Structures are given as structure tokens and as C-alpha cells.
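Everything below concerns the one structure shown next.
The values are calculated or read from the model by the stated rules, or taken from the named source; none is laboratory data. Please read these numbers as outputs of a predicted model, since none were measured by experiment. Note that each Cβ is placed from the backbone with ideal geometry, even for glycine, and that neighbours are counted across all protein chains shown.
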Amino acid sequence: MSRPDDELGRREFLRRATRSAVFAAASTRVASGAVPKSKTISLADTIPIRTLGKTGVRLPLLGYGGAALPRVWGNPLSIEDRVKVVRHAYDRGVRYYDTAGNYMESQPILAEALKDVRDDVFLTSKVEVTQASRTREAFERVLDEMKTDYLDAILIHGTPGLEQMTVEEALKVHRELVRLRDEGAVRFIGFSAHSYFDKALALIESDGFDLCMLSYGYIPRGYDQIWTARMTELRNACLAKAHERDMGIVAMKVVGGGVLGAWSGDIVPGFDRKRLTQLPAAAIRYVLDDDRVHLLAIGMRLEDEIDANIKTLSDDVTYTEHDRGLLAEFCAKAYDSDTIKRMKVD
């Protein structure tokens, strides 16, 4: 049961999130030339560093996925403690933070946790639009919730967004984002894709994007779907083409949206508990076997999850036969679970 102060805190954060619609209609939040003329992000020695493609930005390999923060998506902590978790990630060396407007209280939580280190982090959010005319409004709403004058990267969201649009419609949104970049409100432009990789491939081939965030994990899944072999082939084509164009490549769904992480014991009851704790590391090593990936955006609800992932990355990240066997055995059971069976096949 929530304490009264927790409830008040949650209401305040939600109030700040929802008032942005009124704000967007009343004024403009975009400040011309707000992007710093030069920006150097401090790097700790706790996490391996890679360059995010043609952005030229050097970042720790582990990024923080803001989808782990909403209470309705399973985060058990108070607002105050979620702010502490985000700050713990920063203190341990995490510098890339990914969020979106439809991640509910995620943006205000990140804003609070990182307010005094804003220029020392790479902050990424998304516009969730299907009409280009609403792009600026959506972008302004992000700035308001994040309490910042600029973003390091803005992505066209996968869903709602790219999944619901044609490629031509997505490119119209892209043109609006280019205007915002030209005004100095954002540094880089990208997109995310849970599946619908035929559209993602077309966006990559347009040569208009600096980075992409693609579902990439041992479990071939997107937001609410399991892929067909064809979709996996298209995802692989996206990776190859993005690498060819030197785009920044961010992997999401690395631990299968929690199937290989926080929710593994619920999905496969009775699986050896010690071996369950080995699943996230095996899943991370599976993705890192592909050295085209520059960064892992992983949702981490608790400080222990952050620490465990950093430890994995500080050790030998060679994908082993033990990893292969563990993932195969667990997933054979997970695919028979109601959680996976409820997903659509794409």
C-alpha cells in the first residue's frame, strides 16, 4: 500500500506530465540555438565505451531504458526511490538515457534525477505522432516534461508512430525534426522500430537519420509481437544497412522486455532460481556478439539490476556455449507460456 507522501509525489509528477498539453497550446518551448556549441560527456571506467556511429559521441555501452520507470509497467518503487535509481545509474557511469512521452512518469523522473548533470548526459526521447503537423507540439511537450531546452537525440517512435504510418508520412515527420535540428533544439535525429522492419529499412536508405533503435535480442520480439523468419531477415538487413551508413545503432529488447530478466521466474515457474539469475548476462552477451551494436538500452527498475549489468559488461563478454544452452532451454519453456502465446505473430 502506498504511503500518503508517495501518492502525493506521484500525483505531482503526473500533473506535470499532463499539463504539457495545455502548455503546448499556449506557447513555444523551443529556444533557438539551445544546443551547446561544444559538449563533452564525462566517462567513467566502469563501463566499456563505444562511439555512437556518425554522431561521433563516445558513450558507455550500457544505456538506461526509461520504460522501466512507470508504475503501471511493473516498477514497485515510490517516485522518490525511482529518482534515486536513475541517479544511481549516473553515479555508476551510465550516460545515455532513453525515454518517451507515453512512458508516463518516466520523463519527469529522469528530469528530476538528472537536473544538475543535464549537460553531462545524452538524453533521448521520442515524438509519438502520425501527422507531421503535430511534430513540433509533441517535441515541445517533451522539452517541458524533461525541463530542458534541448535534446541530444529525438526519435520517431516505433509505436505509436512508425508502425501506424507509411514511409512517406514518416519522412514528413522527419522533415519537421530537421527544422528543429536546424533551429538548434536537438543534436541528432533517429527512429525506433519494434518490428515493421520493412519501413525501418526504407528510412535507413533515405540517409536522413543519425541513429536507429532496433529490437535486437535472443527472443525475436517487438512490443507485442513475435516475429516471423521474414521479419528477422528484414531486421538483419536494417542492421547491415545502418552499419554501412555508419548510423548509431542502439539495441532494445535485449532481455526480451523482461522475459529474460525481471519477469523470467513468473513466465517459467519452477525454473532453477540460480540459472534464472544468469539469463540477463547471457542475453547481453548474445547481442554483444554482434560488434555493429554501439549501445544497449536496457530497462532497469532497481539499483541491483544496474549493478549486475555493469558487472556483466566489466567481465569477459564472449558469448559462450553455456549461454547458448541456457537461453535455448529457458526459451523452449517460455514460448509455451501464456505470456508469449498471447503475442501476435508478425
- Inspect the range 185-198 for any residue being in a helix (DSSP H, G or I), touching a residue at least 12 places away in the same chain (Cβ under 8 Å) and farther than 23 Å from Tyr286 by Cβ and give the result as yes or no. yes
- Message: Could you tell me how many of the residues in the range 32-85 are surrounded by fewer than 22 Cβ atoms within 10 Å (Cβ to Cβ) and on the phi > 0 side of the Ramachandran plot?
- Response: 3
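Before we move on, is Gly299 under 16 Å from the mean Cα position of the chain (by Cα), on the phi < 0 side of the Ramachandran plot and of a type in the set (Gly, Ala, Ser)? Talk me through it step by step, then tell me what you get.
On the way: under 16 Å from the mean Cα position of the chain (by Cα): yes; on the phi < 0 side of the Ramachandran plot: yes; of a type in the set (Gly, Ala, Ser): yes.
When the stated conditions are applied, Gly299 passes them.
Tell me, which residue of the range 40-63 that is polar (S, T, N, Q) and not in a loop (DSSP other than H, G, I, E, B) is farthest from Ile189 (Cα to Cα)?
For the range 40-63, the residue satisfying everything is Thr51.
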- Query: Looking at (1) modelled with pLDDT of 95 or more; (2) basic (Lys, Arg); (3) outside any helix (DSSP H, G or I), can you tell me which one Lys37 breaks?
  - Reply: (1)
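Suppose we filter Val117, Val121, Val94 for residues that are over 18 Å from the mean Cα position of the chain (by Cα), at pLDDT 95 or above and of a type in the set (Val, Ile, Thr); which single one remains?
On the way: Val121 fails: over 18 Å from the mean Cα position of the chain (by Cα); Val94 fails: over 18 Å from the mean Cα position of the chain (by Cα).
Just one listed residue meets the conditions, Val117.
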- Item | Which numbered condition Val86 fails, given (1) closer than 20 Å to Leu296 by Cβ; (2) β-branched (Val, Ile, Thr); (3) part of a loop (DSSP other than H, G, I, E, B) | (3)
- Query: For the range 223-255, how many residues are in contact with a strand residue (DSSP E or B) (Cβ under 6 Å, 6 or more places away or on another chain), under 26 Å from Arg58 (Cα atoms) and not hydrophobic (A, V, I, L, M, F, W, C)?
  - Reply: 2
- Query: Which condition does Lys333 not pass, out of (1) closer than 30 Å to Val57 by Cβ; (2) touching a residue at least 40 places away in the same chain (Cβ under 8 Å); (3) outside any loop (DSSP other than H, G, I, E, B), if it passes all the others?
  - Reply: (1)
- Can you tell me which residues in the range 238-281 are within 21 Å of Tyr64 (Cβ to Cβ) and part of a helix (DSSP H, G or I)? Gly256, Gly257, Gly258, Ser264, Leu279, Pro280, Ala281
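Within the range 224-234, can you find the residues that are closer than 16 Å to Lys199 by Cβ and without any contact (Cβ under 8 Å) to a residue 40 or more places away in the chain? Explain how you work it out, then say what you get.
Filtering the range 224-234 down to residues closer than 16 Å to Lys199 by Cβ leaves 225, 227-228, 230-234.
Passing the criteria: Arg230, Thr232, Glu233, Leu234.
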- Message: Looking at the range 199-250 only, could you name the residues that are within 25 Å of Ala282 (Cα to Cα) and polar (S, T, N, Q)?
- Response: Ser215, Gln225, Thr228, Thr232, Asn236
- Task: Write out, first by first residue and then by second, each pair whose Cβ atoms fall under 7 Å of each other, whose residues are 6+ apart or on separate chains, and whose first residue, in the range 312-326, is touching a residue at least 24 places away in the same chain (Cβ under 8 Å) and under 14 Å from Arg275 (Cβ atoms) while the second is assigned to a helix (DSSP H, G or I) and of a type outside the set (D, E, K, R).
- Result: Asp323/Ala282; Asp323/Tyr286; Leu326/Leu279; Leu326/Ala282
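The rows are residues; the columns are (1) in contact with a helix residue (DSSP H, G or I) (Cβ under 8 Å, 6 or more places away or on another chain); (2) modelled with pLDDT under 95; (3) closer than 17 Å to Leu59 by Cβ; (4) of a type in the set (A, V, I, L, M, F, W, C).
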| position | (1), (2), (3), (4) |
| --- | --- |
| Gly261 | yes, yes, no, no |
| Asp272 | no, no, no, no |
| Tyr286 | yes, no, no, no |
| Leu296 | yes, no, yes, yes |
| Gly299 | yes, no, no, no |
| Val317 | yes, no, yes, yes |
- Task: Determine whether the range 146-168 contains at least one residue that is outside any loop (DSSP other than H, G, I, E, B), farther than 15 Å from Ala100 by Cβ and in contact (Cβ under 8 Å) with a residue 40 or more places away in the chain.
- Result: no
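For Arg141, state whether it is under 20 Å from Gly161 (Cα atoms), in contact with a Ser or Thr (Cβ under 6 Å, 6 or more places away or on another chain) and among the charged types (D, E, K, R).
Working: under 20 Å from Gly161 (Cα atoms): yes; in contact with a Ser or Thr (Cβ under 6 Å, 6 or more places away or on another chain): yes; among the charged types (D, E, K, R): yes.
Answer is yes for this residue.
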